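Here the structure is laid out as structure tokens; the discussion comes afterwards.
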Amino acid sequence: MALTREEVLKIAKLARLKFQPEEIEKFQVELNDILGYIDMLNEIETEEVSALSQVNSHVNNLRDDSVRESLTVEEALKNAPNGEDGAIIVPKVVGE
């Protein structure tokens, strides 16, 4: 499946990226190459390969939990640029 110029522009918009016209063509080629590699991986026979949950001999190397005091709401809001009613106010980024 090859991406069209319009699909590359849509991906760029979703990623909030802006490109020059010559860059769009370059990224169209590169994204199509990436999709080609993914298609090659889909051709590999993996039915008899067991799922890998840990890369180091099935040993879970997590540290023990330790209970510590957390920040109070006032301490957390001290470094926030905007805060109100115990919450940090952030700029809207969805639906633009």
Identify, please: which residue in the range 1-27 is closer than 26 Å to Val94 by Cα and in contact with a Leu (Cβ under 8 Å, 6 or more places away or on another chain) and is, among those, most open to solvent (accessible area, probe 1.4 Å)? Ile11
Within the range 69-76, can one find any residue that is among the hydrophobic types (A, V, I, L, M, F, W, C), open to solvent by less than 100 Å² (accessible area, probe 1.4 Å) and modelled with pLDDT of 85 or more? yes
What pairs come up if the first residue lies in the range 74-96 and is of a type in the set (S, T, N, Q), the second is loosely packed, with under 10 Cβ neighbours inside 10 Å and assigned to a loop (DSSP other than H, G, I, E, B), and their beta carbons are under 8 Å apart, counting only those six or more places apart or on different chains? Asn82/Val90
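The values are calculated or read from the model by the stated rules, or taken from the named source; none is laboratory data. Quick caveat: nothing in here was measured; it's all calculated off a predicted structure. A quick note on method: Cβ atoms are made from the backbone with ideal geometry, for glycine too, and the neighbour counts reach across all protein chains shown. Surface accessibility is based on the protein's heavy atoms, side chains included, excluding ligands, DNA and RNA. Shrake-Rupley method; radii C 1.70, N 1.55, O 1.52, S 1.80 Å.
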